[in-house]
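The values are calculated or read from the model by the stated rules, or taken from the named source; none is laboratory data. No experiment lies behind these values; they were computed from the predicted model shown. With ideal geometry, Cβ positions are generated from the backbone for all residues, glycine too; neighbour counts draw on all protein chains shown. Each accessible area value is taken on the protein alone, full model and side chains, heavy atoms only, with ligands, DNA and RNA left out. Shrake-Rupley method; radii C 1.70, N 1.55, O 1.52, S 1.80 Å.
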Protein chains: 2
Amino acid sequence: MVSTKNVSKSDEILSVASTRGFFFPTAGIYGGRAGFYTYGHLGKLLKSNWEFLWRKHFLSKDNFWEVQSNNILPEPVFKASGHLENFSECRVKCSKCNSEFRIDDIVLDDSKCLKCNNKLVLSKDDGFNMMFPLVVGSGEKAYLSPETAQGAYITFKDEFKATRGKLPLGLAILDKAYRNELSPRNLFFRLREFSQAELQIFFNPDLPGFPDDVEWKGIKDYGLLLAQADNNHKVSKVSCSDAFKKFKLPKFYLSGLVRVQKFFLDIIGVPSDKFRLFEVPEGDRAFYNRIHYDVEILLDSLGGFKEVAGVHYRGDHDLSRHQSLSKEKLEVFHDGKRFIPHVLELSFGVDRNVWLLFDIFYHKDLKKSDTLLFRFPKLLAPFQVSVLPLVNKEGLDVKALEIHNSFRNAGISSFFDDSGSIGKRYARNDEAGTPFCVTVDGQTLDDESVTIRVRDTSEQSRVKIGELIITLQRLLSR
Amino acid sequence: MVSTKNVSKSDEILSVASTRGFFFPTAGIYGGRAGFYTYGHLGKLLKSNWEFLWRKHFLSKDNFWEVQSNNILPEPVFKASGHLENFSECRVKCSKCNSEFRIDDIVLDDSKCLKCNNKLVLSKDDGFNMMFPLVVGSGEKAYLSPETAQGAYITFKDEFKATRGKLPLGLAILDKAYRNELSPRNLFFRLREFSQAELQIFFNPDLPGFPDDVEWKGIKDYGLLLAQADNNHKVSKVSCSDAFKKFKLPKFYLSGLVRVQKFFLDIIGVPSDKFRLFEVPEGDRAFYNRIHYDVEILLDSLGGFKEVAGVHYRGDHDLSRHQSLSKEKLEVFHDGKRFIPHVLELSFGVDRNVWLLFDIFYHKDLKKSDTLLFRFPKLLAPFQVSVLPLVNKEGLDVKALEIHNSFRNAGISSFFDDSGSIGKRYARNDEAGTPFCVTVDGQTLDDESVTIRVRDTSEQSRVKIGELIITLQRLLSR
């Protein structure tokens, strides 16, 4: 496999990210730690905006809710989930220097020791469990959860009751997950502590309740970008009704795929030629996933299509296992019969999704070689507007602050930027991905007008202060 | 100390909380685990609303930011912070059954074994560290962070640079923290996994930059509800200028107290007679806290004033320790000199703050003995309005759904509730703390009018559908 990784792009993103405050290696003053990142002020805003759009898109249906479970969960949960038995990685050890590596790192890279270049042998301990074990109180075993999903499964019974016994029931959790990776790598793609946004949809497999006829009518001609296993994972656009008829994908699963594809193409703004729904072949997917497509995005900075989300039809695996180990009935009575609900899981790695924003919306102005922009969609950008007094005197700063505060009061996310030359400030705001800069200059004091500069074109136009908020709101809603 | 704990109130809150979906013991199907709670759909909304108001109140100043660090931090961080050495609890062991307890539980309760009623002796291992230890990768020691503060201190250098070297700099973290309590108790007041909202304000001790003259003018006559140590912790209302002159409290510290008191009284709506700023006596506070007042709220459900937040002047303790252990310069050059910034910390236990909402806004209608309301402020309530079709036929349900969707589109948090008798639905919405119910009935189809029912008075009035959104927005903004 030839690596087409664009190292310079990834390095540039990393450099701007730490200079501007998107993210930093955690505990950098202690040398940083592999697999741990800290979001700075801009990164936190970007991530929060992504989460806001995710919630809005996936939780706007009635009976779809967010809950918050714990990161520390007791051992029986992971006995039931299978993580205790199966959540391990196969490792190899160098026969000379004893360094250990994940087997997939080796197969991808080479079959020699990555450290001393010597011959590798299979480690004896090839069942290293990737969960972080803990002892709670005076001796109870527990683990840091390696996925948020289990928190939803063990809360299902309580929430089904509290929401008055209706299916489908959607339970989302946006929280941290933890995996003790031996060799964290690929930036935000293999972290030891990471954020997930997962939605578990509990439903009756015989009468899923979604899509209803109206929804199906709306999506049946929608073209899914499927990369199917028996088509050598070549992408082809397939309508939902074709996928239903020819590939026997159930309608509820298709409705999940549509929601996910629309999120990436319409809400996040990923170009369709960088998006694919990758069918995970039977041998590669967890045995309980009856149907499994991953969302993969083409990322130059990582040299190919990379997984950022997954759509998993898990059947009744999880609730059945928890019912059998807890001895608590998790069956429900619904639509006139008694059964264990099935689960469709929409699972997103939040940090990976943040990384893709940097990669996808990266733009370099070739005319000005040192100018890097992030063309974030307007609702994702950390700030929607920056307000810049041309100079910090003659009352320009006071006027600019007034405008900045008026934006804030109008619910427009604004940044006040008054230090450095105006050219440097424009460049900084481009790097922060701020779509618009409002500059207060000498003319402002004469005729109450300011300039609006557009990030993506560098074009400027003059607007009266009285019309500023309405103008910006119009620009932002486009 | 005589306990005045209102057990029945606390039991009622717990019962409604799990029935309605505010919170549940985590992993209830496995019997639950002491010190771990899960927020259900209503609880998550309530908590998110609290966090939204917190961010709005404390981070609206320029150069005040939120960042996101890790829960797992490497050992050197806790060597520097002092947690490795000092974060332990003193335990006692029963001389007969060997059960262990925290010494403060024993002193408060009695001096006999809580389990077998026998004589207690001091445990040998009286330095049990309350942090959860972890091993990362192939052997590095790390811990789950017992407070979010350290994440901000170790990110200070990166963020100070990224935000262009201005003081004061505020860095907030809203995240989980973990303490391996031996005996979790008092509901949300001693959890093993809990949420914190902490704001670290880094400043120049000689020229703090806050409050500025304008802010000081605005707060100098503001009355702080101080319960001072040398006044036997009796509450008295003291103006900021008196506190500055008589008690030598620095202006920056007073400005912090004012912001915190205003948050509780004006934003959350805690009655002033249930609020006090409790001066923590020198013997009881961490040695690095030069000034330390806790926010305490009178909670019937827990039998007295309980700590829900703290205002800590930590001096340069944290940055100095991290500088000395990491060998990285954390001094800054500002206002023409070189120094290590001082820190004022505003620290909130989020779960405790959620609990106080249940306690403070609990209301029992004595005329209708089984009716429990939560009179949450309108911006905190999980839903601002519920929409109820009187019956699920004659098109009332369709009309009600239309109204529900129009609320959502107008940014009003709405719940559609169509199952059960109308009386039961009103009762459920009262328990959920929803301020308004909109009912669609037979008359609606005749004259396009609905009723609005007010949670706190049970009063109903008819409104035309065309004026509904504007009417609700007016009611909500009161």
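Inter-copy label distances at residue A:448, 7 Å along the Cα→beta-carbon direction, one decimal in nm, shortest first?
3.8
Averaged across the residues of B:416-422, what count of C-beta atoms belonging to other chains lies within 10 Å of each residue's C-beta?
1
Under the classification rounded if a/c is under 1.5, otherwise prolate if a/b is larger than b/c and oblate if not, where does segment B:151-233 fall, given a ≥ b ≥ c as square roots of the Cα gyration tensor eigenvalues?
It comes out oblate by the Cα gyration axes.
Would you mind listing how long the protein assembly as shown runs along its three principal axes, going by Cα atoms, in whole Å with the largest first?
That works out to 82, 73, 70 Å along the principal axes.
May I ask you to give the solvent-accessible area per residue for chain A, in square angstrom, as obtained with a 1.4 angstrom probe?
41
Only Cα pairs under 8 Å and at least 6 apart count here; give the relative contact order of chain A as a rounded whole percent. Mind showing how you got there, number by number?
Details: 858 pairs, mean separation 60.8, N = 478.
Answer for chain A is 13 percent.
Please give the average number of partner chain Cβ atoms lying within 10 Å of the Cβ of each residue in B:195-208, rounded to a whole number.
Values: counts 1, 0, 0, 0, 0, 0, 0, 0, 0, 0, 0, 0, 0, 0.
Counting Cβ atoms of other protein chains within 10 Å of each residue's Cβ and averaging gives 0.
Mean 1/r over all different Cα pairs, inverted: what Kirkwood radius does segment B:261-360 give, in Å? Spell out each step's value before the answer.
On the way: mean 1/r = 0.0642 Å⁻¹.
This gives a value of 15.6 Å.
Quick check: from the Cα gyration tensor, does segment B:269-425 come out rounded (a/c under 1.5), prolate or oblate?
Cα axes put segment B:269-425 in the oblate bin.
How big is chain B in terms of Cα radius of gyration and Dmax, in angstroms?
Reported Rg and Dmax, both Å: 25.3, 79.
Tell me, what ³J(HN,Hα) does each residue in segment B:401-410 have, in order and in whole Hz, if you take phi through Karplus 6.51 cos²θ - 1.76 cosθ + 1.60 with θ = phi - 60° and put x for Gly and Pro?
My calculation for segment B:401-410 gives 5, 4, 5, 3, 5, 5, 5, 4, 5, 8 Hz in order.
Using a label point 7 angstrom from Cα along Cα-to-C-beta, what distances in nm, from shortest up, separate residue B:464 from the other copies?
Going from nearest to farthest copy, the values are 3.4 nm.
Ranked from highest to lowest mean number of other Cβ atoms within 10 Å per residue, what is the order of the peptides B:212-219, B:50-57, B:337-344?
B:337-344, B:50-57, B:212-219
Determine ³J(HN,Hα), in whole Hz, for all residues of segment B:451-462 in sequence, where each value follows from phi through the Karplus function 6.51 cos²θ - 1.76 cosθ + 1.60 and θ = phi - 60°; x replaces Gly and Pro.
9, 10, 9, 9, 3, 6, 10, 6, 6, 10, 9, 8
Suppose you put the label 7 Å out from Cα in the Cβ direction; list, shortest first and in nm with one decimal, how far residue A:307 is from each other copy's label.
Going from nearest to farthest copy, the values are 4.5 nm.
I'd like the Karplus ³J(HN,Hα) series for segment A:272-287: coefficients 6.51, -1.76, 1.60, θ = phi - 60°, whole numbers in Hz, and an x wherever there's a Gly or Pro.
Per residue, the Karplus-derived 3J(HN,Hα) values read 5, 7, 9, 10, 8, 9, 8, 6, 7, x, 3, x, 8, 9, 4, 4 Hz.
Where the convex hull is taken over the Cα atoms of segment A:197-259, what is its projected area averaged over directions, in nm²?
Computed as one quarter of the Cα hull surface, the answer is 5.0 nm².
I'd like the mean, over residues of B:156-165, of how many other protein chain beta carbons sit within 10 Å of each residue's own Cβ.
5
What is the interface area between chains B and A, defined as buried accessible area summed over both chains with a 1.4 Å probe, reported in Å² to the nearest 100?
On the way: alone 22860 and 22890 Å², together 39520 Å².
The B and A chains share an interface burying roughly 6200 Å².
Amide H to amide H under 5 Å from residue B:276: which residues, 5+ apart in sequence or cross-chain, H placed 1.01 Å off N in plane?
B:296
Pull out a ≥ b ≥ c, the square roots of the eigenvalues of the alpha-carbon gyration tensor of segment A:31-77, then state rounded if a/c is under 1.5, prolate if not and a/b is larger than b/c, and oblate in the remaining case.
It is oblate, given that a/c is not under 1.5 and a/b is not larger than b/c.
Of B:220/B:274; A:327/B:378; B:274/B:464, which sit over 30 Å apart, Cα to Cα? Numbers along the way, then the final one.
Values: B:220/B:274 23 Å; A:327/B:378 41 Å; B:274/B:464 41 Å.
A:327/B:378; B:274/B:464, as the Cα separations exceed 30 Å there.
Within segment A:407-429, which residues have the backbone N less than 14 Å from the label spot 7 Å out from residue A:463 along Cα→beta-carbon, could you tell me?
A:407-408, A:410-415
Using a 7 Å offset from the Cα along the Cα-to-Cβ direction at both residue A:456 and residue A:7, what is the distance between the two label points in nm, to one decimal?
In this crude label model, residue A:456 to residue A:7 measures out at 3.3 nm.
Applying 1/(1 + (r/R0)^6) with R0 = 35 Å to the Cβ-Cβ distance of residue B:446 and residue A:207, what FRET efficiency is obtained, to the nearest 0.05? Intermediate values should be presented prior to the final figure.
On the way: r = 36 Å, r/R0 = 1.03.
Here the calculated transfer efficiency is 0.45.
Which far-off residues, 5 or more places away or on another chain, put their amide H under 5 Å from the one on residue A:371, with H placed in the peptide plane?
Close amide H contacts, sequence-distant or interchain: A:365.
Which entries in the list A:399/B:161; B:245/B:337; A:367/B:157 go over 32 Å, if you measure between the two C-alpha atoms of each? Before the final figure, lay out the partial values.
Values: A:399/B:161 27 Å; B:245/B:337 28 Å; A:367/B:157 34 Å.
Beyond 32 Å: A:367/B:157.
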